[in-house]
1. When the Cα centres of the range 149-172 and the range 40-103 are compared, how far apart do they sit, in Å?
2. Would you mind putting 348-354, 169-175, 39-45 in packing order, based on average other-beta-carbon counts within 10 Å, highest first?
3. Which whole-number percent gives the relative contact order of the range 248-372, counting Cα pairs below 8 Å spaced six or more residues apart?
4. Beta carbons within 10 angstrom, averaged per residue: use that to sort the peptides 134-140, 214-220, 92-98, 363-369, highest first.
5. What FRET efficiency, computed as 1/(1 + (r/R0)^6) with R0 = 45 Å and r the Cβ-Cβ distance, is obtained for residue 320 and residue 176, rounded to the nearest 0.05?
6. Please work out the C-alpha center-to-center distance from the range 349-371 to the range 262-322 and express it in whole Å.
7. Once both labels are modelled 7 Å past Cα along the beta-carbon direction, what's the residue 48-residue 353 spacing in nm?
8. Give the order of 197, 141 when sorted by the count of other beta carbons within 10 angstrom, beginning with the fewest.
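A short reminder: the numbers here are calculations on the coordinates, not readings from a lab. Predicted model only: the values in this text are computed from it and were never measured. Counting neighbours? That spans all protein chains shown, and the Cβs are built from the backbone with ideal geometry, glycine included.
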Amino acid sequence: MRPPRTPVEAVLHAARDVTRLDQAFDAEMLGGALLGSVYAIAPGARAAAVRDFVETFLTRTARRRTPAAAAVRQVFAALVPDAPGAARVRAGTQPPAWAGQLGRVRLTGSHGYGDVYGDQTSYVATFRYEDPAVGGPEHAVVALVDHNLGIVKDIHVGPAERIVPRLRELCAADELTAFVDVPAAVLHARVDRYLAVTDELSELPGEGSLATDRVLLGARLRAIPVAAGGPAPEPRAAGGSTAPQGSGSALAAQFLESAEAAAAGLTGLEESDRLCLDFTLGLVLDHAETFEEPDPLRWSPAVVGFFLLDWVHRRAVLDDADAAMLPRVLRGWVAFAARHRGQPPVAAAAVQAAVDELTEEFRRLHASGDRRSEAARAVALLMAEGVDPSDPVALGAWLRVNAERSS
C-alpha cells in the first residue's frame, strides 16, 4: 500500500478501524489524538489551525462513502463543532452504535487541587454519557494550570472513579496541597482563559499529553455552563486568596499598620528610610501585575526566587539603600500575605526561608548588575552620573552633552 500523500489521507488511514471501536469515548479519544497532531505542529494560533484542518477535512471527504470516513467526519464535527461545515455533517448509511453518543455528555463534578501557594492548580471536570453502554465510562478531564507561567501546562483524561478519589486521598495526606469543589462556571472561565494563552504559544511544554488531549478538553468545556451576567468569580480554591482584594495602595496601607511590618522593623523609620520602604514596597506590588491573574498576596518559594533573582534586576534600578531595604520589606510582606491566605505554618515558613536563603544572591546580583536589562543599565548609568531619569530637563542636557562628546 502506498503511503498517504496528504494530511487528509493520513487521518483516514490512521482511523481506518474507527468503526470497530466499542464506545463513543474511544472514538473521541482517537479523534482528539489525531487532531492533536495538527495542534502540536502549528506555529501559533493552534486552535484556529485545528478548526481550519477540520473544515478542510470535511470538505475533502464530503463524497467519501466508506463507513470509516463517515464516522471520522462525525467524530471531528462533535469535537470541533465551530469548524465551518461541522453543523452539516450527517451520519453515514452504516453508523456505529456509538455515533449518537458523540459529545452527549453532562457534567457530574468540578474540582480543583494544587499547592497551597497557588503556583499550580489542576482543574478536574467529570462527565457522564447519556447512554454509558455505548457512550463510555464516566471520565475526568484534568487541566494543569501553571499560574507562574500563565498557561495550561498539561492535560490528562482518565476514569473518574480512579482519578478523583486518588486526588482526594493524596491531598488529605499533604498539608501543602488542597482539593476543593469549584463552581462549574469558575472552572470553565479559568481553564478557558489559560487555554487562550496556551493556544498562541510558539512552542508547547515538552512533556505530557497537552496536544493529544487539547481538543477533547475544548469539547468538554462546551458542556460546562458559563457564568451568566458577567465574568465568573475567582475561586477560593487551592492556593486561592481568602483576603478581600482591595487596591494595591489599600493593601500597602494595611501592611504598614500590621504586626508583620513591625516585626520586620518597618515602622518608625526616618524619612530617607521611609522613601526606600515606599519604593521597594511598590516593586512588590508591581511584580504581582506581571502575572495573568494578579494577586499581590500570592507568594511561594518559586515566586520569591523569580522576584529576587530575576524580575527586580530587569525592571528596576536600586541604590544600595534600596537593596538593603528590599529583603526586609519582602520578609514582612510574605508573612502578611501568608496570614491573609490562611497558609499552614509549614508553608509560610518555607516562603520565609526562601527569602532568607536568596538574599545573599540577590545582593550579589545587585552589586554585579549581571541580570540588568539594557533599559535598567541605561538608567543606572544616568543615576551614576547624577542625572535624574524622571527629570526631562536634566535628561535632555545629558543627551546633548553626550552627543557633543561622540561627535
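1. So the separation of the two Cα centres works out to 29 Å.
2. Working: 348-354: 17.9, 169-175: 12.3, 39-45: 14.1.
Result, highest mean Cβ count within 10 Å first: 348-354, 39-45, 169-175.
3. Over the range 248-372, the number comes to 34 percent.
4. Answer by packing, highest mean first, reads 214-220, 134-140, 92-98, 363-369.
5. So the FRET efficiency works out to roughly 0.80.
6. Rounded to whole Å, the Cα centres lie 12 Å apart.
7. 4.7
8. Details: 197 13, 141 25.
By the 10 Å Cβ count, ascending: 197, 141.
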